[in-house]
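In what follows, a structure is listed as structure tokens, so that the remarks can point back to it.
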Amino acid sequence: MSKQVTLIDIAKACGTSNVTVSKALADKKGVSDELRRRIKQTAKEMGYVPVRSDPVNKNNHMVGVLIPEKFMNPNGSFYWALYNSLVKKFKNRGYYCLIEILSQQDEDALIMPSFIGGGKVSSVISLGQISAAYVSALKELVPPLVMLDYYIADSDTDAIITNGYVGGYELTSYLIKLGHRDIGFIGTVKATTSIFDRYMGYMKAMLENELAVRPEWTLDDRDNRDFIEIPFPEKLPTAFVCNCDETAYHAIRELEQRGISVPDDVSIVGYDNYLISEVSRPSITTIDVDSDEMAERAVNMLISRLEDPDKLSERVTITGQLIEKESVRSLD
């Protein structure tokens with residue numbers, strides 16, 4: 001059986017990007033007529049067969065939930081908690097969820113979920129950030145789409161997000177009030193919009209207090225596929241703001257292996273307040289994100305979109321609350 005031709009194959013053959021190929025095949029703006037003709041001809045010659053989806057049926061009460069594999073820790077994660085809340089709330093409204101885990105390979109190649117086509121689902125919730133190109137291709141097939149816990153700046157797609165900017169600012173300000181002046185940030189800043197927003201909140205608090213943001217203390221925690229070993233420098237700040245509780249947990253364990261105690265030597269704060277922040281030793285000071293409220297808002301938003309497909313897109317922001325635990329030491 002021959003390999004299915006994907007958008008990425010066509011992009012390579014034409015020397016262009018996946019996004020451009022997707023636009024050209026969908027007859028969207030932003031592609032020259034000459035390039036559009038070449039892309040379509042190449043797709044035809046390569047035997048490309050687009051995934052087809054039946055027209056949206058709002059009476060189909062099956063919702064697809066798409067979650068990138070890189071966010072699904074087998075030992076549990078914030079996204080598992082959020083998914084469980086979604087399932088319960090959709091069930092209460094007479095809807096049911098069909099989950100699919102998206103591999104990085106399929107995301108890169110713009111291979112659509114298996115629940116697309118054949119009228120299996122009426123709508124999709126994308127839980128955890130996927131690329132703009134993938135979102136664009138997905139919306140061509142199932143227009144009712146809600147992005148949950150991320151957004152794309154120039155997209156007219158509905159989204160539910162946490163106020164990471166305010167959360168990052170609050171966490172950093174909390175550390176400053178406790179006497180910390182040397183504060184770093186752990187999180188691959190451009191990996192997701194949520195990490196970027198939390199980093200910008202951290203930056204605001206540091207600059208407002210005339211504290212230096214040192215590049216050697218802004219540390220990556222992941223690559224495109226998974227968490228990585230955090231590249232701690234030899235000289236450490238007195239505290240780190242971590243972009244999520246899982247990163248904070250890894251940071252505590254890795255510092256322990258170097259003989260550095262949290263919070264006696266270095267203070268650590270996280271974000272999300274899911275299970276790992278409580279079972280960690282020490283427990284992690286964090287921002288509580290109300291996953292139940294996020295799920296409720298997502299359910300209401302998606303059902304509203306099914307009932308009125310032409311309404312303006314929304315971006316709803318939910319603010320969390322600082323929860324003090326054991327991973328921070330006062331320097332005052």
### Message
Can you report the number of residues in the stretch 186-244 which are part of a loop (DSSP other than H, G, I, E, B) and either touching an Asp or Glu at 6+ places or on another chain (Cβ under 6 Å) or in the same structural domain as E107 (by TED's automatic domain parsing) (or both)?
### Response
7
### Query
Is there any pair linking a residue in the stretch 280-291 that is over 19 Å from D149 (Cβ atoms) to one that is in a loop (DSSP other than H, G, I, E, B) and modelled with pLDDT under 95, with Cβ under 8 Å and at least six apart or on different chains, and which?
none
### Task
May I ask you to say which residue of S327, S304, S313 is surrounded by fewer than 24 Cβ atoms within 10 Å (Cβ to Cβ), assigned to a loop (DSSP other than H, G, I, E, B) and among the hydroxyl-bearing types (S, T, Y)?
S313
### Query
So how many residues does the stretch 265-287 have that are part of a helix (DSSP H, G or I) and under 21 Å from the mean Cα position of the chain (by Cα)?
3
### Task
Being in the same structural domain as F71 (by TED's automatic domain parsing), among the polar types (S, T, N, Q) and in contact (Cβ under 8 Å) with a residue 60 or more places away in the chain narrows it down to one of S330, S313, so name that one.
S313
### Query
Considering N300, N273, which residue is without any contact (Cβ under 8 Å) to a residue 24 or more places away in the chain and closer than 18 Å to L127 by Cα?
N300
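Within the stretch 303-310, is there a residue that is among the hydrophobic types (A, V, I, L, M, F, W, C) and under 30 Å from S155 (Cβ atoms)?
Start the filter on the stretch 303-310 by keeping residues that are among the hydrophobic types (A, V, I, L, M, F, W, C), which leaves 303, 306.
Still in the list and also under 30 Å from S155 (Cβ atoms): 303, 306.
Scanning the stretch 303-310, I find at least one residue that is among the hydrophobic types (A, V, I, L, M, F, W, C) and under 30 Å from S155 (Cβ atoms), so the answer is yes.
The values are calculated or read from the model by the stated rules, or taken from the named source; none is laboratory data. This one's a predicted model, so the numbers in the text were calculated from it and none came from an experiment. Backbone-built Cβ (ideal geometry, glycine too); neighbour counts: all protein chains shown.
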